[in-house]
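Worksheet for the structure shown next.
Every number here is computed from the coordinates shown, using simple stated rules; none is lab data. A quick note: this is a predicted structure, and the numbers were derived from the prediction, not measured. For neighbour counting, all protein chains shown are included, and Cβ atoms are generated from backbone atoms with ideal geometry for every residue, glycine included.
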Amino acid sequence: MSITLVPPRRLDVRVVLPSSKSICNRALILNALAESSMPIGNLSDCDDTRVLVRAFESGGPDFDIMAAGTAMRFLTAYLSQRPGVWTITGTERMRHRPIRLLVDALRSLGAHVDYLGEEGFPPLRIEGRPLRGGALTLSAGVSSQYISALLMIAPSMQEGLRLTLTGEMISKPYIAMTLSLMRLWGMESRWEGNCIEVAHGTYVPRPFTVESDWSAASYWYEMVALMPGASVELPGLQRASVQGDARVAEFYSALGVETEFAADGVRLRHTGQTAKTPLLLDLTDQPDLAQTLVVTCALLQRPFRFTGLQSLRIKETDRMAALKCELAKLGYRITDSDDSVLSWNGERGNVSEPIAIDTYDDHRMAMAFAPAALFFPGLEIRHPEVVSKSYPSFWDHLRQAGFELHTV
């Protein structure tokens, strides 16, 4: 299925964003580790969170987490310390997303995990048992989800966990988010330099409500940046957020968007005050904002150079290759280098209409390119249903904002 989008003439809307799936999925794991019966408030209804909820409600022993990478990593670690024999699998794409580094780390801490198919990839068979824990050295350049998965189960380990991270650290805010949430459930940690220590202990049940998602807010920042006179109200966002993607407000201030904070959320306003000099950003800590920023800058004719994007190669798709391919359809020739850099010098080619954007089974491709309809009315988005992974109501919210959506 595909949809085409016709933009509104003006944009002035109040949108209730989904809650943060990054927080939701950590909260679900911590709640389970605390053996808590207290409900978590404002849980997201996105695919990634729904599969975790379903897993805990089913009681196992077999889990299909579909395309949810966070659920695969977090559940693998969680099940490794929970007595029983478990299997965990996912979609075809998930069965080709590497998990060897996490499995090797768990094995070194005393876990029993076997591959049921290709070595280094799901599906997995896990014999849950008490873990020894102790000292572990891991590359800081791996997905932060591996690190968070290990940290959350660290209190259940007999010797706790002393994690030493080597090399350049990526997605540091997600690790900080994990430790902050662990503290809310009663578990302290110590993070000094490249070493994180978590002692053996017991989580304490507590009530918890999830805040709105700053990653989802980025698409509305994009729309406001692209539309003169635009104004968007987003309740539920917090200035003092544990989400690293809250820096979207800072990044888009350089792209002509003003963020007004209030007690109940934010209001975005188009200022049009944006320079023409290249925008240089290190997105090591905010890789999920890359697609939105790349498309925004191209449409605004703003050259850019974004670094720290090494994790984009192993996301739902190879996001660097996907961005290059789809922006070429709009005439923008971006380049990648060193497996971690995306840049554009302002060069443009021809546009072949009608334009149909492929989404690569990647929710962020669909949402990052949808606002391009403001410049290319009638833009087609293929497989729009992929947004269910993180923002199921995205298309409904676009209709609410005045976009016309037509099924192809």
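Here are some notes:
- For the chain, modelled as a GNM whose springs connect Cα atoms under 10 angstrom apart, the maximal fluctuation among Gly120, Gly160, Gly59 occurs at Gly59.
- Under 23 Å from Lys21, Cα to Cα: lysines that are on another chain or at least 8 residues apart: Lys172, Lys315, Lys389
- As a size descriptor, the averaged projected area of the C-alpha convex hull of the chain was calculated at 18.7 nm².
- Of all aspartates and glutamates in the structure, the ones whose alpha carbon falls short of 13 Å from that of Lys329, not counting any fewer than 8 places away in one chain, are Glu353, Asp358, Glu380.
- Within a Gaussian network of the chain (alpha carbon springs, distance under 10 Å), most fluctuating of Glu260, Glu57, Glu233: Glu57
- Applying both filters, DSSP loop and at most 15 other Cβ atoms within 10 Å, to the trypsin sites (Lys or Arg not before Pro) of region 286-391 gives Arg333.
- Of the trypsin sites (Lys or Arg not before Pro) in region 17-110, those whose Cβ has at most 10 other Cβ within 10 Å and which sit in DSSP loop: none
- For region 21-209, the fraction of alpha-carbon pairs in successive 5 Å shells from zero, as %: 1, 8, 18, 22, 23, 17, 9, 2, 0
- With contacts taken as Cα pairs under 8 Å at a separation of at least 6 residues, the chain carries a relative contact order of 19 percent.
- Relative contact order [Cα under 8 Å, 6+ residues apart], region 21-209, whole percent: 22
- Loop-located trypsin sites (Lys or Arg not before Pro) in region 202-267 (DSSP state not H, G, I, E or B) with no more than 16 neighbouring Cβ atoms inside 10 Å: Arg239.
- Residues whose amide H comes within less than 5 Å of that of Ser139, counting only those at least five positions distant or on another chain, are Thr166 (H built at 1.01 Å from N in the peptide plane).
- Rounded to the nearest whole Hz, the Karplus-based 3J(HN,Hα) values (6.51 cos²θ - 1.76 cosθ + 1.60, θ = phi - 60°) of region 233-241 follow the sequence 9, 10, x, x, 8, 10, 5, 8, 9, with x at glycine and proline.
- The amide H of Leu379, built 1.01 Å from its N in the peptide plane, has Leu5 as neighbours under 5 Å, considering only residues 5 or more places off or on other chains.
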